[in-house]
Every structure is written in structure tokens, then in C-alpha cells.
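Since the structure comes first, as C-alpha cells, the remarks are kept for the end.
The values are calculated or read from the model by the stated rules, or taken from the named source; none is laboratory data. From a predicted model like this one, the values you see are computed outputs, not experimental measurements. A quick note on method: Cβ atoms are made from the backbone with ideal geometry, for glycine too, and the neighbour counts reach across all protein chains shown. All accessible areas refer to the heavy atoms of the entire protein, side chains included, with ligands and DNA or RNA removed. Shrake-Rupley method; radii C 1.70, N 1.55, O 1.52, S 1.80 Å.
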Amino acid sequence: MADQGSRIPLLERDAATPEMAALYDALLARRGVVPNMFKVLAYAPAIAEGVAGFLGALLGDGALTGWYKELVAVRVAILLESEYAITAHKASARKKGASEEQIAAVADFERGPYSEKEKRGLRLADRLHRGPREVEHSFYVELREAFQDAELVELFLTAAAFEMFPRFIDGLHIPVTPLAVPK
């Protein structure tokens with residue numbers, strides 16, 4: 001998406017509520033930058049705080065590693081052609097330990113440096129992108145052979161959540177967040 005300017009102005013820290021300023025500070029400390037998505041979500045502070053908590057829990061290490069979930073988010077972003085999400089999640093995957101080869105191969109993951117288990121999860125992202133009916137029973141059996149219940153919850157939720165966020169971001173023309181400069 002070409003930068004046409006955000007349809008809703010980005011709310012900078014000095015114009016944000018004290019609660020949002022605290023969230024901006026936390027995001028800056030954790031990520032090195034306040035994502036532009038949060039500068040729009042700041043108009044709805046309760047939602048912004050909920051989204052920050054949700055994303056922190058979802059994309060952190062859990063049953064699945066954070067870097068792998070970031071690659072699933074990259075895969076969905078590629079399918080949605082979301083420059084914002086591709087840029088953000090590649091950077092997060094890198095920061096969480098994904099290799100440059102893994103990051104570069106997400107677009108053609110079947111040929112990439114992934115285990116069969118990791119490829120199954122990326123296949124799930126593709127199928128959910130087309131619709132939940134694409135996750136037919138035989139494919140779900142393949143997933144069950146590779147993933148435990150907690151992993152399946154994280155995998156499905158990651159793939160589904162990143163169908164929503166790029167649509168919100170790109171629908172409002174939120175510009176790509178400049179990457180933090182390493183210190």
C-alpha cells in the first residue's frame with residue numbers, strides 16, 4: 001500500500017491521555033518504537049490496552065516460539081499484501097530469533113528451511129486465509145499429528161488474528177512504522 005497518509009491522524013505521545021502515554025512508553029521500551037497502529041488505537045484507550053496485552057501474550061514465547069508465530073503473521077500479511085504487517089512482523093521475527101533465511105523464505109515456505117511441522121502451520125495460515133472450511137478433517141488430522149492442543153490454540157489464533165489486524169491497518173491507510181534503530 002502506498003503511503004497516502006493515515007485516514008485517522010496518528011496521535012503522538014504529547015497529545016495522548018496519560019494512560020496512553022504510559023502505554024507508548026512501555027511499547028517504546030519493549031520494541032524501540034511505538035507502532036503507528038497504536039497511534040491510531042490511542043483514540044480508543046481501552047481497546048489499545050487490550051490489543052497490547054493480547055498481542056504481547058499471543059506473540060511471546062508460549063507453546064510455540066514467538067519467532068515462529070511472527071513468521072505465521074508474516075505469511076498472512078503476504079497473502080493480504082500488507083506492507084505494514086510484512087515489515088513489522090519480519091522485524092519482530094528477526095528480533096525474536098528467526099534466521100534471515102527463514103524470514104526470506106516465508107513467501108515460498110514449502111521450499112524454505114522449515115521442519116515439516118513448521119510447514120504444516122504455515123499451510124494452516126494459507127487455508128484459514130481462504131476460509132475456515134478449508135481446514136477439512138483430513139488436514140486437521142495432519143495438524144494433530146504434529147501439534148499439541150496448546151500449540152494448536154496458539155497457531156489457529158495467530159493465523160486468524162493476523163487476518164484482522166492488516167485489514168484494520170490498511171483500511172485506515174496507517175503508514176508503515178519506521179523501524180527502530182538498534183542502539
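List of remarks:
- Residue list for region 129-177, filter: open to solvent by less than 40 Å² (accessible area, probe 1.4 Å), under 13 Å from the mean Cα position of the chain (by Cα) and over 20 Å from residue 106 (Cα atoms): 169
- Residue 123 vs. criteria among the basic types (Lys, Arg) and in contact with a helix residue (DSSP H, G or I) (Cβ under 7 Å, 6 or more places away or on another chain): no
- Of the numbered criteria (1) free of Cβ contacts under 8 Å to residues at least 12 places away in the same chain; (2) of a type in the set (Val, Ile, Thr); (3) within 30 Å of residue 39 (Cβ to Cβ), the one residue 158 fails is (1).
- Candidate set from region 96-113 (those that are in contact (Cβ under 8 Å) with a residue 24 or more places away in the chain and not in a loop (DSSP other than H, G, I, E, B)); member that is most open to solvent (accessible area, probe 1.4 Å): 107
- Test: residue in region 83-94 that is more than 18 Å from residue 165 (Cβ to Cβ) and assigned to a helix (DSSP H, G or I): yes
- Among the residues of region 58-82, the ones that are under 20 Å from residue 153 (Cα atoms) and outside any helix (DSSP H, G or I) come to 6 in all.
- Residues of region 67-88 include none that is basic (Lys, Arg) and open to solvent by 50 Å² or more (accessible area, probe 1.4 Å).
- Taken over region 12-57, the residue count meeting the criterion of being open to solvent by 30 Å² or more (accessible area, probe 1.4 Å) and part of a loop (DSSP other than H, G, I, E, B) is 6.
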